[in-house]
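In what follows, a single structure is set out as structure tokens and then discussed.
Readers should treat all values here as calculations from the given coordinates under stated rules, not as data from a laboratory. What you are looking at is a predicted structure, and each value in this text was computed from that prediction instead of being measured.
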Amino acid sequence: MGRVSSARGIVAALIVVVVVAGARLAGTVGQESQVNLNEADAMRLAFNEQMGKRVRVRLSSGEDIEGQVARVGTAAVALTQLTGQEFFNATINLEEVAAVIVRAPGK
């Protein structure tokens, strides 16, 4: 089970790297990512950068939840306007987040 958790952590870190690199290549002048991927709270910082924007969150269970980032705390993130569940909001434990997937600018 430890190998699975380690693999998920590595995959999550790689996805964040790809998202950040994609944002840079898309020409986001003046909006360069400030997320340090070596920090323990890299996922929280990634959510902070997406405040008010739509994101897709891949959970450790493999489930995807898509919505607008409303609030980010030290232990959880709140999403509103969930895709396919417009009358619901979600509070997600940051420890359960495997990846934060964002739309590349200009796409």
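Quick one: what are the phi-derived ³J(HN,Hα) couplings along the stretch 73-86, Karplus 6.51/-1.76/1.60 with θ = phi - 60°, whole Hz, x for glycine and proline?
Per-residue couplings from phi come out as x, 6, 10, 8, 10, 10, 10, 10, 6, 5, 5, x, 9, 4 Hz.
When the convex hull of the Cα atoms of the stretch 56-107 is projected onto a plane and the area is averaged over all directions, what value comes out in nm²?
Numbers: hull surface 15.8 nm².
About 4.0 nm², averaged over all directions.
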